[in-house]
Amino acid sequence: MKYLLRLSGEHPELPYTELTELLESCGLEYSVRRLEDLWIIVDTECDAGVFARLAYTLRVYEHVGESRDYTTLVGDVYDIISDSKTFRVSSESDSAAKRLGELLYEMGIQVNLKKPDAIVFCKKFGEDYHIGVELRIERDFESRRPQFRPFFSPTSMHPKLARALVNLSGACEGDLLLDPFCGTGGILIEAGLCGVKVAGWDVSEVMAGGCGRNLAHYGISGDIQVRDALEKSDFKCDVIATDPPYGRSSFTTDETKKIFNGFIPNAHGMLPAGGRMVLMAPDDVEIDFREFSVKHKFDVRMHKSLTRRIWILEK
Ligand SMILES: C[S@@+](CC[C@H](N)C(=O)[O-])C[C@H]1O[C@@H](n2cnc3c(N)ncnc32)[C@H](O)[C@@H]1O
């Protein structure tokens, strides 16, 4: 099955890497063809539900076909949307939208511009028009923003970024993900919603309690403990994704280093061979990753004067 994807332009590499890491961790065979910077075709056997996990992919279409003459693809579009009562065509080309609309209408499907059952998308790349039928994938990151949860702290991360960290960690449904600095549970909520089992530690009783309440709010059960991540532990998990404390005015570079360099040796013992740890860190602190190898790193601008580095490490 071919899918046409519109990636987010928020970061030059993160959206594409999030996609390929997710497909690989799901054990799917796939090939990718880039039509333009933010537009790609993915050929894979997975069903569309897998794409609903992605944070940095804006839209997903079932790819119907490509042709210099888009009218030759109308029969294939009809086969896909024939169960729909209504449709609308979305295209930068007014003439393509109008002509495709007329042809599908003549085949018996009504037009509804406001609330159509199916959205047919048409866009020209190079010489060819590509047509897709939009797949509705519900992710709703905005409604899960930290201020809408029962327990709030300003240190909590945006659910979209948290979801990307989960996907970059390679966590599959049923795997156990640990966030050893879980705070309000931002990462754990996104992992739980993907069917990943979750465990979280926080040295603060208030945070651990609040995290448990937040998880319960989304119907997620997790093993949440008041615990110091710098203490040695024989805990075992499949992946780690975390956002350790740093960067507040009271924090010095030395304190940040102490946290990272104290936790990294512990993390190594908790993961299986090949297991991943995804870490958010300041971009100006030198971290000793010991036996971990660095698979990817991304600098993400949080706001004007703050950049964070995402490290994807592998045991
Ligand atoms: C940046 S916040 C995590 C935010 C979290 N990602 C969220 O979405 O809410 C870091 C958390 O680490 C906790 N922490 C600090 N030192 C710790 C330690 N040694 N062990 C475990 N947790 C610790 C803090 O209490 C804080 O809640």
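Restricting to the chain, what percent of DSSP beta bridges are antiparallel, rounded to 5?
Once the DSSP bridges in the chain are tallied, antiparallel ones form about 65 percent.
Longer than 22 Å from Cα to Cα, which of Lys197/Lys257; Lys257/Lys315; Lys197/Lys258 are they? Say none if no pair is.
Beyond 22 Å: Lys197/Lys257; Lys197/Lys258.
Please quote Rg/Rh for the chain to two decimal places, taking the Kirkwood radius as Rh and restricting both calculations to Cα atoms.
That ratio equals 1.05.
State the antiparallel share, in %, of DSSP beta bridges confined to the stretch 142-314, rounding to the nearest 5.
Around 50 percent of the beta bridges assigned by DSSP in the stretch 142-314 are antiparallel ones.
Among Gly195, Ala241, Ile259, flag the residue with its Cα farthest along the positive direction of the charge dipole of the chain, charges on Cβ as +1 for Lys/Arg and -1 for Asp/Glu.
Value: Ile259.
Which far-off residues, 5 or more places away or on another chain, put their amide H under 5 Å from the one on Met302, with H placed in the peptide plane?
Amide H to amide H, under 5 Å and 5 or more residues apart or across chains, Met302 pairs with Thr307, Arg308.
Taking H placed 1.01 Å from N in the peptide plane, check which residues at least 5 places from Arg59 or on another chain put their amide H under 5 Å from its amide H.
Long-range HN contacts for Arg59: Arg6.
Treating only the Cβ of Lys, Arg, Asp and Glu as charged (+1, +1, -1, -1), what charge dipole size does the stretch 142-314 show about its Cα centre? Round to the nearest 20 debye.
I would put it at about 520 debye.
Could you tell me the accessible area of Glu13 in Å² (1.4 Å probe, neighbours in place), rounded to the nearest ten?
It works out to around 90 Å².
Express in whole angstrom the spacing between the alpha-carbon centres of the stretch 194-230 and the stretch 11-77.
The two parts, judged by their Cα centres, are 34 Å apart.
Name the trypsin sites (Lys or Arg not before Pro) in the stretch 1-93 that are in a loop by DSSP and that have at most 10 other C-beta atoms within 10 Å, would you?
Within the stretch 1-93, the qualifying trypsin sites (Lys or Arg not before Pro) (loop, at most 10 other Cβ atoms within 10 Å) are Arg68.
Quick one: which residues, 5 or more positions from Val111 or on another chain, have an amide H under 5 Å from its amide H? H modelled 1.01 Å from N in the peptide plane, none for Pro or chain starts.
Residues meeting the amide H criterion: Phe87.
What does the charge dipole of the chain about its Cα centre add up to, to the nearest 20 debye, if the Cβ of each Lys and Arg holds +1 and the Cβ of each Asp and Glu holds -1?
With only Lys, Arg, Asp and Glu charged at Cβ, the dipole is about 840 debye.
Counting only C-alpha contacts under 8 Å and six or more residues apart, can you give the relative contact order of the chain as a whole percent?
Relative contact order comes out at 13 percent.
As a test question: what accessible area, to the nearest 10 Å², does Trp311 have when a 1.4 Å probe is rolled over all protein chains in place?
Rounded to the nearest 10, the figure is 30 Å².
Beyond a 30 Å Cα-Cα separation, which of these cross-linked pairs lie in this structure: Lys124/Lys297; Lys2/Lys304; Lys123/Lys297; Lys85/Lys124; Lys232/Lys297; Lys236/Lys304?
In this structure, Lys124/Lys297; Lys2/Lys304; Lys123/Lys297; Lys236/Lys304 lie more than 30 Å apart at Cα.
The values are calculated or read from the model by the stated rules, or taken from the named source; none is laboratory data. Only a predicted model underlies this, so the values are computations on that prediction, with no experimental measurement involved. FYI the Cβ positions are ideal-geometry reconstructions off the backbone, even for glycines, and counts take in every protein chain you see. Just the protein is used for accessible areas: all its heavy atoms, side chains included, with ligands, DNA and RNA removed. Shrake-Rupley method; radii C 1.70, N 1.55, O 1.52, S 1.80 Å.
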